Amino acid sequence: MADSASGATDKSVQVKLVLLGEAAVGKSSIVLRFVSNEFQANKEPTIGAAFLTQKCRLEDRVLRYEIWDTAGQERFHSLAPMYYRNAQAAVVVYDVTKAASLEKAKSWVKELQRQANPNIVIALAGNKVDLVQPSASTSGTTSSESEDEADDATATPEETAGGEQAESLRQVPRDEAEAYAKEAGLLFFETSAKTGEGIVEIFTEIAKKIPIEHILASTRGAGRPGAGGRPGAPDGGVTLDENAAKGKDACNC
Amino acid sequence: MASHYDVIVIGTGLTESITAAALSKAGFTVAHIDENLYYGGDEASLDLDDLDQWAKKRSAASDKPLSSPYLQAQAEKFVSISAVASPPPHSRQYSVSLLPSLIPSTGPFIASLIASGVSRYGGYKLLERVAIYHSAGLVKNVPGSKEDVFKSKDLSLVEKRRLMRFLLFAAGDFAGSKELQGHEDAPFIDFLRTTFSLSMDVATAITYALAFCSAASDPTLPALTRIHHYLRSSGRYGNSPFLVGHYGGAGEIVQGFCRVSAVVGGVCILARNILSIKQSPPPEGHPQPTYVVELEGFDEPLTSRLIISAPDYTPFLSNGTSQDNTHSSPPPFSSRRVARGVIVIDHPIYFPFLAPPSSDSDPIVGASVSTESMITPVDTAVLVFPPSFLPDGSSTTAAHAFITGAGSMSAPVGIVNISLPLDGAGSSPPDAKAILTPYVNATMALTKRPSSGDVVSDPIFTLFYIQNQLLPSNSENEVTPPLPDLETCFTTPPISPTLSECADSAAMNAEKLFWKAVNALKGHPTHTPGQGEEIPEGQDLVEIESFWPPLETIVDDEGDESW
């Protein structure tokens with residue numbers, strides 16, 4: 001939280017974005033591609049990251065995404081209200097090679113509509129589209145997202161996908177998912193964290209839809225996007241870490 | 001999912017959640033379980049629908065012999081529950097804290113918040129005011145700092161000098177001082193009156209509004225220690241020593257600790273009833289037994305080397321172990337009954353202070369009202385009702401009404417949490433609603449703006465109950481009593497019931513539990529923080545040097561390209 005001022009002087013607007021989706025659909029890989037523009041099959045999981053941040057430029061505005069991963073808490077009904085709290089955007093991810101993951105995505109959309117800020121911008125992302133594109137298959141080795149789940153506990157099982165069978169791997173037709181997204185009022189993308197296809201587009205399209213003026217108005221003076229959920233809330237928030245250095249013998253009582 | 005863990009933590013209260021986060025960060029595998037649908041246990045923050053459910057489940061559990069041992073324990077702990085009216089709409093806009101807490105700006109809790117990274121997840125604001133109830137529709141200011149004392153117009157010069165002398169004493173190194181000697185256990189309010197010659201008014205304010213004592217009999221040393229701490233806490237974030245957490249405080253912060261645990265691989269499981277907890281004999285080559293926890297809906301049980309459990313889950317332990325543990329001795333803690341009330345308001349509260357008459361030395365006589373303080377409503381404040389201040393109230397204990405308004409994000413307008421410790425331990429549960437109604441009325445009287453046409457408004461939702469609360473032991477050694485014969489099973493000790501102390505005591509409990517767990521898991525008996533002794537070779541864990549490891553820096557794009 002080095003840069004917590006999102007007031008009038010700073011043009012950048014903090015936007016909390018939450019990821020949802022079944023385990024192993026590639027949530028963390030999408031973030032990694034977006035934040036670091038990388039996809040390394042053997043990269044260490046991003047364990048220990050509270051959340052990732054990434055700027056997104058949009059005309060004269062800079063959005064600063066604060067991206068929250070589920071950390072495996074989507075299992076066992078253990079995602080806390082805090083996770084959805086003040087999220088202005090959500091990316092709900094499914095795997096185009098797993099029909100069940102779209103059903104799960106639909107239930108996450110419902111959960112968002114129940115729990116989250118009513119103005120939340122939701123994008124639906126059908127990931128691992130590289131697996132169903134014969135030409136994109138580089139060596140026919142393994143699935144794209146396997147080793148890159150930030151949350152090791154949800155790491156994707158190995159999954160072999162020869163290029164020649166690619167199209168047959170698809171279990172979710174693009175039309176079907178797109179129709180659902182349209183009906184539910186979601187942005188829709190097919191993506192590949194492996195090749196980068198569609199990734200940046202998710203975040204720029206979300207940025208276009210975010211009511212920036214509204215966020216600016218409601219967070220002015222408050223230190224965090226977490227304080228932005230309720231327009232017109234009085235100021236007076238404090239950021240704890242700022243004074244951490246000068247807090248003396250904080251533990252001696 | 002792996003089914004064997006180093007530690008299974010049962011219960012997601014403040015202490016358990018801090019402990020789970022610290023153990024996960026230290027590299028242990030942790031499963032964190034709660035039967036409730038929410039995080040936080042007895043420290044949860046709930047929306048109004050969930051609060052309504054919370055109340056219904058606990059009032060009905062005694063009628064249902066089939067409910068889980070946890071729920072039965074809860075039904076014994078929370079009695080005389082009366083929810084009035086069904087929750088208003090937009091239930092999710094409210095976060096009602098089951099255990100309201102003030103966070104001192106320095107101390108173990110805030111240190112853990114920062115060192116764990118949990119402080120990044122939530123928002124905080126300074127406590128705006130502490131005031132003492134004076135009479136219907138009026139409150140008295142509490143001078144909380146030397147600056148306040150200087151500025152105060154309520155106090156005579158002599159009184160100011162005496163108060164300053166006390167504040168300097170309390171802020172200084174009073175241990176072993178001649179003033180304190182022999183008075184450590186004396187009633188604090190008597191100590192203030194005799195040793196510092198303070199008037200009853202000032203001594204009362206210090207006792208209940210600065211030290212947050214609950215009765216005139218509260219002893220001197222703990223009260224003095226609290227004031228010392230708070231005087232030194234103010235100024236870190238502003239002129240109040242206390243912070244208030246957004247969205248219901250502790251219950252929201254708990255979610256942050258649970259997330260920290262999950263981010264480093266901890267497994268969180270909510271809303272599953274525990275069917276049994278058994279101890280199986282030590283596996284070959286292992287000195288310690290294994291615990292086997294069966295969860296509803298899980299085909300495979302979870303197993304662990306260590307269990308840390310909230311007390312309400314321990315019926316499982318004493319009944320379900322494979323060894324002959326028929327003991328059901330109560331934990332070595334005394335308990336106290338606290339009447340608690342939750343009042344949701346849709347009109348803000350004002351603190352019209354008594355204005356001191358210009359030439360009168362007794363402020364009570366000239367009961368005119370100041371003008372500046374009534375214009376803006378209070379957002380976060382504590383209103384103190386010392387014993388006997390309310391005609392129909394308690395004559396022996398003090399009530400504290402903790403007001404959290406829109407700025408604390410806990411409600412569109414406000415929530416008032418009233419707590420009143422009860423004297424004695426009568427056999428039949430007292431009527432929480434009857435006991436607290438005078439305090440509710442006195443608080444609601446402050447929704448009327450003085451010298452305006454407003455009328456006193458009614459709460460839009462109320463909930464009253466009596467909580468049988470365990471009190472922390474004075475003995476340091478009793479902090480984590482393992483059940484007999486279960487050396488690798490710890491129950492979490494009670495946290496302080498004091499509004500300003502509960503968060504810190506949870507963090508201190510958690511740190512002690514953490515080191516106990518580290519020791520037990522290593523089979524290494526005396527590793528204490530700061531000593532840095534050698535860990536025997538061949539252990540599968542790295543050396544653990546601190547409660548919280550150095551914090552990772554947030555992966556940030558500062559200065560990098562942007563899309």
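Could you give the semi-axes, largest first, of the ellipsoid that matches region B:145-233, computed as the square roots of 5 times the alpha carbon gyration tensor eigenvalues and rounded to whole Å?
19, 14, 13
Using amide H atoms built 1.01 Å from N in the peptide plane, name the residues 5+ places from residue B:349, or on other chains, whose amide H lies under 5 Å from its own.
Close amide H contacts, sequence-distant or interchain: B:378.
Report, ordered by chain and residue number, the lysines lying within cross-link reach of residue B:160, taken as a straight Cα distance under 24 Å and ignoring same-chain residues fewer than 8 apart.
Within the straight-line cut-off, residue B:160 pairs with B:140, B:146, B:151, B:178.
Please list, in order along region A:30-37, the HN-Hα scalar couplings obtained from phi with the Karplus expression 6.51 cos²θ - 1.76 cosθ + 1.60 (θ = phi - 60°), rounded to whole Hz, x for Gly and Pro.
So the Karplus estimates, Gly and Pro as x, are 5, 5, 4, 4, 6, 7, 10, 6 Hz.
Filter the GluC sites (Glu not before Pro) in region A:55-133 down to the DSSP loop ones having no more than 13 other Cβ atoms within 10 Å, then list what survives.
Within region A:55-133, the qualifying GluC sites (Glu not before Pro) (loop, at most 13 other Cβ atoms within 10 Å) are A:59.
If a/c stays under 1.5 just call it rounded; otherwise compare a/b with b/c (prolate if a/b is bigger, oblate if not). Do that for region B:124-189, with a ≥ b ≥ c from the square roots of the Cα gyration tensor eigenvalues.
prolate
In nanometres, what is the gap between the two model label sites at residue B:271 and residue B:175, each 7 Å from Cα along Cα-to-Cβ?
So the label points at residue B:271 and residue B:175 sit 4.9 nm apart.
Along region B:100-105, what does the Karplus equation 6.51 cos²θ - 1.76 cosθ + 1.60 (θ = phi - 60°) give for ³J(HN,Hα), rounded to whole Hz, x for Gly and Pro?
Rounded to whole hertz, the list is x, 8, 9, 9, x, 5.
How would you classify region B:1-153 from its alpha-carbon gyration tensor, with a ≥ b ≥ c the square roots of the eigenvalues: rounded for a/c under 1.5, else prolate if a/b is greater than b/c, otherwise oblate? All intermediate terms of the calculation are to be shown ahead of the outcome.
Details: a/c = 2.55, a/b = 1.27, b/c = 2.00.
Oblate shape, in that a/c is at least 1.5 and b/c is the bigger or equal ratio.
I'd like the trypsin sites (Lys or Arg not before Pro) in region B:175-262 restricted to DSSP loop residues with at most 14 other Cβ atoms within 10 Å, sorted by number.
Listed in order of number, the matching sites are B:178.
List the residues, sorted by chain then number, that are 5 or more residues from residue A:188 or on another chain and whose placed amide H is less than 5 Å from its amide H.
A:124
For region A:49-101, just say rounded, prolate or oblate: build the C-alpha gyration tensor, square-root its eigenvalues into a ≥ b ≥ c, call rounded for a/c under 1.5, and beyond that prolate if a/b exceeds b/c, oblate if not.
Note, shape of region A:49-101 comes out oblate.
About the Cα centre of region B:23-110, how large is the charge dipole given +1 on each Lys and Arg Cβ and -1 on each Asp and Glu Cβ? Please answer in debye to the nearest 20.
Result for region B:23-110 is approximately 60 debye, rounded to the nearest 20.
Would you list which lysines come within 17 Å of residue B:57, measuring only between C-alpha atoms, while excluding same-chain residues fewer than 8 positions from it?
B:77
What does the highest-first list of B:40-52, B:127-139 look like by mean Cβ count within 10 Å?
B:40-52, B:127-139
Considering amide H positions built from the backbone, and no H for Pro or chain starts, which residues 5 or more places from residue B:422, or on another chain, come under 5 Å of its amide H?
B:337, B:338, B:339
Taking every residue in B:101-113, how many Cβ atoms of other protein chains lie within 10 Å of its Cβ, on average?
On the way: counts 0, 0, 1, 2, 5, 8, 6, 4, 3, 6, 7, 2, 3.
Other-chain Cβ atoms within 10 Å of each residue's Cβ, averaged: 4.
Once phi is turned into θ = phi - 60°, what whole-Hz ³J(HN,Hα) does the Karplus curve with 6.51, -1.76 and 1.60 give for every residue of region B:88-97, x standing for Gly and Pro?
So the Karplus estimates, Gly and Pro as x, are x, x, 6, 3, 6, 7, 10, 10, 9, 8 Hz.
Pop the C-beta distance of residue A:195 and residue A:77 into the FRET formula with R0 = 41 Å and round what comes out to the nearest 0.05.
Calculated transfer efficiency: 0.75.
Here, each number is a calculation from the coordinates, and none is a lab measurement. Fair warning: this is a prediction, and the values are worked out from it, not measured in the lab. Backbone-built Cβ (ideal geometry, glycine too); neighbour counts: all protein chains shown.
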